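Okay, so here's the structure we're looking at.
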Amino acid sequence: MFVDRVEISVTSGKGGEGAVSFRREKFVLNGGPDGGDGGKGGSVYFQVDKNTDTLSHFRGHKTFKAQNGKPGEGRNKYGKKGEDLVIKIPPGTQVFDSQSGELLLDLVEESQKILFLEGGKGGLGNAHFKSATNQRPTYAQKGIAGVTKQIRLELKLIADVGLVGFPNVGKSTLVSVLSNAKPEIANYEFTTLIPKLGIVNVGEYQSFVIADIPGIIGGASEGKGLGLEFLRHIERTRFLLFVLDLANYRTLEEQFRILREELEKFSTELSHRPFGIMFSKIDLQNQDLLIADNAEFKSHRDCIVEFLNTFGFSLKNKAESLQFIQKDKEDFGVDYDLNTPLFALGVSSVSKENLESLRFLLYESLKGLNV
């Protein structure tokens, strides 16, 4: 089960009590105080574990507590330190204060381990309180209590490319043929109920990670559909790929406008990410399923050309089969315009048309962003 948000309570260990003890040995007269200090309470750590990709192991387990320190003993023996608690979380987990909503930790690096709550200090034994005026102290310190914090864990998947599109536009099919992921695919909306990550190989030694999230609908940023629940999973992506469906009843302009608006309402920063545009299902372009506009029908090709003219794009190949469309720019990472896609491309996941071109374009775009 995919779980990406949980609320838990974590507590560091209490310090052990100091001991009240006096030296009692044969042939030793008037032995002085020898009470040892209590052990320090265990601390709470968060550690990033790449072998986990969900917060599901927190379900049914809401309280986490480090071990208390052991009390001190006679003969100046220190109490044993409480065992630390290490909470393992997947990469991309954020830790929020449940009461204030403040972001406390943002854990993304592999094997990253961070101290979250310090264990309580152990109390001093009575040996520390001996003095010329008090040679028989009968008291010791109690250990310092641990700290309890109510927190919320939120997982934001870490990917290079995030797919953005309406439900049932071909995102899952694209991920299944482009990467090693096997998302559920069916001919109805909201087939994808949880985000999916896939690794896309480019050649023998290069690869990048692509994220498929549930489809976005108008009003997603206000809680409609599943978009709001999972939009945060593309917040960490470096590049967005808008998937526009040629067979959708909405025009290309309408699809793109609504998707951009929902992204901007959810996060202004996210809406300013570099992006590309993919036209899905171009294998249908020769069919008579055409888009109506003022009672006049336009071919898929004409709709694409008209849509791309708004960005100053032109078809690279004038052949009837929709070929690779690209902005005339050698370096994708230089002089980037926030409102202009780095590329536009028609793709068929069924016939595999332009699939390799898309793979290359995404990789080159990511390389350009590192310039």
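The values are calculated or read from the model by the stated rules, or taken from the named source; none is laboratory data. Small disclaimer: the values here were computed from a predicted structure and weren't measured. Counting neighbours? That spans all protein chains shown, and the Cβs are built from the backbone with ideal geometry, glycine included. Heavy atoms of the whole protein, side chains included, go into the accessibility calculation; ligands, DNA and RNA do not. Shrake-Rupley method; radii C 1.70, N 1.55, O 1.52, S 1.80 Å.
In segment 345-357, the residues that are under 15 Å from residue 243 (Cβ atoms) never reach a residue that is in a helix (DSSP H, G or I) and basic (Lys, Arg) with C-beta atoms less than 6 angstrom apart, at least six apart or across chains. Scanning segment 92-107 for residues that are within 19 Å of residue 209 (Cβ to Cβ), of a type outside the set (S, T, N, Q) and part of a strand (DSSP E or B), we see that the one that is least open to solvent (accessible area, probe 1.4 Å) is 107.
Taking strands (runs of 3 or more DSSP E) as the structural unit, those lying wholly within segment 113-191 and holding at least 2 residues that are at pLDDT 80 or above and more than 30 Å from residue 271 (Cβ to Cβ) correspond to 113-117, 148-155. Pairs only if they're at least six apart or on different chains, beta carbon under 7 angstrom, first in segment 239-266 and hydrophobic (A, V, I, L, M, F, W, C), second open to solvent by 50 Å² or more (accessible area, probe 1.4 Å); list them, first residue then second. Sorted first by the residue in segment 239-266, then by its partner, the pairs are 239/369; 246/281; 247/281; 247/289.
Summed over segment 348-365, the residues that are over 28 Å from the mean Cα position of the chain (by Cα) and among the aliphatic types (A, V, I, L, M) give a count of 1.
Taking the residues in segment 238-272 that are modelled with pLDDT of 85 or more and within 19 Å of the chain's Cα centre (by Cα) as candidates, determine which candidate is most open to solvent (accessible area, probe 1.4 Å). Within segment 238-272, the match that is most open to solvent (accessible area, probe 1.4 Å) is 238. I'd like to know if segment 21-31 contains one or more residues that are of a type in the set (Val, Ile, Thr) and either surrounded by 24 or more Cβ atoms within 10 Å (Cβ to Cβ) or modelled with pLDDT of 95 or more (or both). No, segment 21-31 contains no residue that is of a type in the set (Val, Ile, Thr) and either surrounded by 24 or more Cβ atoms within 10 Å (Cβ to Cβ) or modelled with pLDDT of 95 or more (or both).
Within segment 273-292, identify whether any single residue is part of a helix (DSSP H, G or I), open to solvent by 60 Å² or more (accessible area, probe 1.4 Å), modelled with pLDDT of 80 or more and under 24 Å from residue 348 (Cα atoms), and answer yes or no. No, every residue in segment 273-292 fails to be part of a helix (DSSP H, G or I), open to solvent by 60 Å² or more (accessible area, probe 1.4 Å), modelled with pLDDT of 80 or more and under 24 Å from residue 348 (Cα atoms).
Among residues of segment 124-146 being open to solvent by less than 70 Å² (accessible area, probe 1.4 Å) and within 41 Å of the chain's Cα centre (by Cα), the one that is farthest from residue 55 (Cα to Cα) is 143. Could you go through segment 48-61 and let me know if any residue there is closer than 30 Å to residue 235 by Cβ and of a type in the set (A, V, I, L, M). Yes, some residue in segment 48-61 is closer than 30 Å to residue 235 by Cβ and of a type in the set (A, V, I, L, M). Of all residue pairs spaced 6 or more apart or on separate chains, those with beta-carbon atoms under 6 Å, a first member in segment 29-53 that is more than 17 Å from residue 90 (Cα to Cα) and a second member that is assigned to a loop (DSSP other than H, G, I, E, B) and polar (S, T, N, Q) are 34/21; 34/76; 35/21; 36/76; 41/12; 41/68; 42/67; 43/12.
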